[in-house]
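Comments concern the structure below.
Bear in mind that the values in this text are calculations on the coordinates, not laboratory data. This one's a predicted model, so the numbers in the text were calculated from it and none came from an experiment. So basically every Cβ, Gly included, is an ideal-geometry build from the backbone, and we count neighbours across all protein chains shown.
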There are 2 protein chains.
Amino acid sequence: MSDTRTEAGTERRAQLRDRLIDIAEHTIAAHGLAGLKARDLATAAGCALGAIYTAFDDLDELILRVNARTLARLERALDAALIDADATQALEALARAYLNFARTEEPSWRALFEHRLPRGTPVPQWYADARNRLFNRLDAPLASLLPGKDEMIRAALARTLFSAVHGVVALGLEEKIADTPPALLAAQLETLVRLLAAGLMMESTRLP
Amino acid sequence: MSDTRTEAGTERRAQLRDRLIDIAEHTIAAHGLAGLKARDLATAAGCALGAIYTAFDDLDELILRVNARTLARLERALDAALIDADATQALEALARAYLNFARTEEPSWRALFEHRLPRGTPVPQWYADARNRLFNRLDAPLASLLPGKDEMIRAALARTLFSAVHGVVALGLEEKIADTPPALLAAQLETLVRLLAAGLMMESTRLP
DNA sequence: GATAATAATTGAACGTCGTTCATATTATCT
DNA sequence: AGATAATATGAACGACGTTCAATTATTATC
């Protein structure tokens with residue numbers, strides 16, 4: 001059969017791909033994006049330096065793959081937070097879960113935002129989709145808070161609220177040196193969500 | 001005089017420092033943090049490669065210096081927005097000014113957050129101070145909105161609101177490809193501030 | 001003004017990085 | 001078995017930040 005060889009080849013290549021992603025995932029989780037080196041990666045995977053580039057175009061592609069896994073874990077963490085939380089506290093639960101994820105997986109979480117593709121290379125669609133899926137987690141809580149709102153407006157609102165929470169977490173974790181002790185950061189986040197929820201309630205009662 | 005030589009030496013060194021900061025500032029403004037290269041810098045400044053390291057410990061120190069200038073410009077932009085804005089709209093004016101600054105000076109603004117010191121090196125105090133001064137710009141508007149509040153609480157609130165606005169701007173400008181058209185981003189920001197202001201009003205009337 | 005002592009400047013060289021590609025190796029087909 | 005094609009390899013390349021022996025300029029001493 002003329003494609004057995006091809007099949008075997010692609011299978012082995014797929015195995016190598018997975019192995020490299022696994023190792024890169026652990027490296028980034030332990031030492032951050034800057035800790036990922038092609039040579040170390042090859043050594044850890046037991047393959048040649050050049051072999052990396054038979055599995056991926058470049059390290060950027062590999063990093064995107066790792067980031068996609070991080071996004072998936074983050075999604076699961078947010079979903080778990082939504083399960084045991086009644087509708088009124090869902091937004092707070094999500095914000096807490098986001099902060100907790102960023103804290104417990106800080107290097108991986110940072111990699112989501114630190115990594116930049118070279119000028120001009122567009123973000124792959126599958127990655128953009130994975131990113132946008134995050135915002136959807138806010139849609140259900142928002143729908144119960146604002147029953148009448150248009151779907152588009154709600155989606156934009158979800159993005160806005162997510163971004164706001166992200167901003168507080170990102171700047172709060174920025175510099176650990178004598179800056180924003182853990183409890184204060186959690187309190188800041190709680191304040192933010194409380195204010196936003198109050199604002200939403202006010203608007204929804206005013207303009208039904 | 002035994003210190004004339006020293007004085008002349010330090011003066012020339014200071015001149016070189018300023019020249020290098022100027023050039024780095026323009027380079028970052030035009031091509032971003034990644035566009036700053038030691039060799040290009042030396043060529044543009046008309047000095048030897050090694051001369052850079054007689055003026056600065058390393059490029060990180062130079063970048064911090066450039067970022068300090070960016071922070072100063074940002075401060076001035078926020079102050080200008082506060083001048084022609086009555087108290088009730090001050091928060092919105094600040095948010096708009098922040099978005100506008102990020103838009104018109106995007107590479108410089110990005111450099112503020114992209115740049116990271118190597119593991120273990122603490123942020124210099126003078127830089128941390130410059131950063132924290134930013135949050136103070138929110139204090140006056142907040143004081144007029146919440147006359148009774150404790151100063152510490154107000155400062156924390158300023159930080160929180162600033163971070164939230166930053167989050168919306170940062171994620172909104174992240175990927176220009178088919179993502180958040182300019183007008184929508186401005187609208188998102190306006191929504192955020194409106195919701196937060198409404199939440200603040202509600203709290204202040206409830207708990208005086 | 002000549003000469004020794006000292007400070008400042010230089011750019012070749014070092015180590016590290018991501019990436020490539022001629023070569024060696026292995027697998028497949030006749 | 002030998003010819004042929006796919007695959008794997010790691011030395012080599014170019015770019016990077018940084019260093020430091022060697023050179024040049026400056027100051028001090030006579």
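With +1 on each Lys and Arg Cβ and -1 on each Asp and Glu Cβ, how big is the dipole of the protein assembly as shown about its Cα centre, in debye rounded to the nearest 20?
In debye, rounded to 20, the protein assembly as shown gives about 280.
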Other-copy label distances relative to A:Arg154, 7 angstrom Cα-Cβ extension, nm
3.9
Residue-ordered couplings for the range A:148-164, obtained by feeding phi - 60° into the Karplus form 6.51 cos²θ - 1.76 cosθ + 1.60 and rounding to whole Hz (Gly and Pro as x), are x, 4, 5, 5, 4, 4, 5, 5, 5, 5, 4, 4, 4, 5, 4, 4, 5
Please work out which residue of chain A brings its Cβ closest to the axis of the rotation superposing A onto B, and round that distance to whole Å.
A:Gly167, 1
Rank B:Ala90, B:Ala24, B:Ala51 by mean-square fluctuation in a GNM of chain B with C-alpha springs under 10 angstrom and give only the top-ranked residue.
B:Ala51
Helix A:59-83 versus the longest principal axis of chain A: what is the Cα-based angle in degrees, 0 to 90, to the nearest 10?
40 degrees
Given springs between every Cα pair under 10 Å in a Gaussian network model of chain B, which of B:Arg116, B:Arg154, B:Arg65 has the largest fluctuation?
B:Arg116
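Provide, for the protein assembly as shown, the number of lysine pairs with alpha carbons under 30 Å apart, each pair being eight or more places apart or on different chains.
Working: A:Lys37/A:Lys176; A:Lys37/B:Lys37; A:Lys37/B:Lys176; A:Lys149/B:Lys176; A:Lys176/B:Lys37; A:Lys176/B:Lys149; B:Lys37/B:Lys176.
Close lysine pairs found across the protein assembly as shown: 7.
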Of A:Gly32, A:Gly172, A:Gly148, the most mobile residue in a GNM of chain A (C-alpha springs, cutoff 10 Å) is A:Gly148
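Given the convex hull over the Cα atoms of the range A:105-190, what projected area results after averaging over all orientations, in nm²? Mind dumping the intermediate values first?
Details: hull surface 30.4 nm².
Here the figure is 7.6 nm², rounded to one decimal.
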The protein assembly as shown: calculated mean residue ellipticity at 222 nm from DSSP helix runs of at least 4, using -39500 (n - 2.57)
-25000 deg cm²/dmol
Quick one: pull the percentage of alpha-carbon pairs in the protein assembly as shown with a separation above 42 Å.
21 percent
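Give me the net charge for the shell around B:Ala80: Cβ to Cβ below 13 angstrom, other residues only, Lys and Arg +1, Asp and Glu -1.
Working: positive: B:Arg73, B:Arg76, B:Arg96, B:Arg137; negative: B:Glu75, B:Asp79, B:Asp84.
Once positives and negatives cancel, what remains is +1.
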Which Rg and Dmax, in Å, describe the Cα atoms of chain B?
20.7, 71
Inter-copy distances for A:Ala187, label 7 Å out on the Cα-Cβ vector, sorted ascending, nm, one decimal, are 3.8
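Between B:Arg194 and A:Thr121, take the C-beta separation as r, use R0 = 45 Å, and let me know the FRET efficiency to the nearest 0.05. Spell out each step's value before the answer.
On the way: r = 37 Å, r/R0 = 0.82.
So, using R0 = 45 Å, E works out to roughly 0.75.
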Farthest toward the dipole's positive end in chain B, which of B:Leu189, B:Leu62, B:Leu78, given Cβ charges of +1 (Lys, Arg) and -1 (Asp, Glu) about the Cα centre?
B:Leu62
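Note down the relative contact order for chain B as a percent, whole number, built from C-alpha pairs under 8 angstrom at least six residues apart. Mind dumping the intermediate values first?
Working: 153 pairs, mean separation 41.2, N = 208.
It rounds to 20 percent for chain B.
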For the range A:47-145, list log₁₀ I(q)/I(0) at each q in 0.19 Å⁻¹, using the Debye formula over Cα point scatterers of equal strength and ignoring solvent, two decimals each.
-0.95
Just grab the label-to-label distance for B:Glu174 and A:Asp57, each label 7 Å out from Cα along the Cβ direction, in nm (one decimal).
2.0 nm
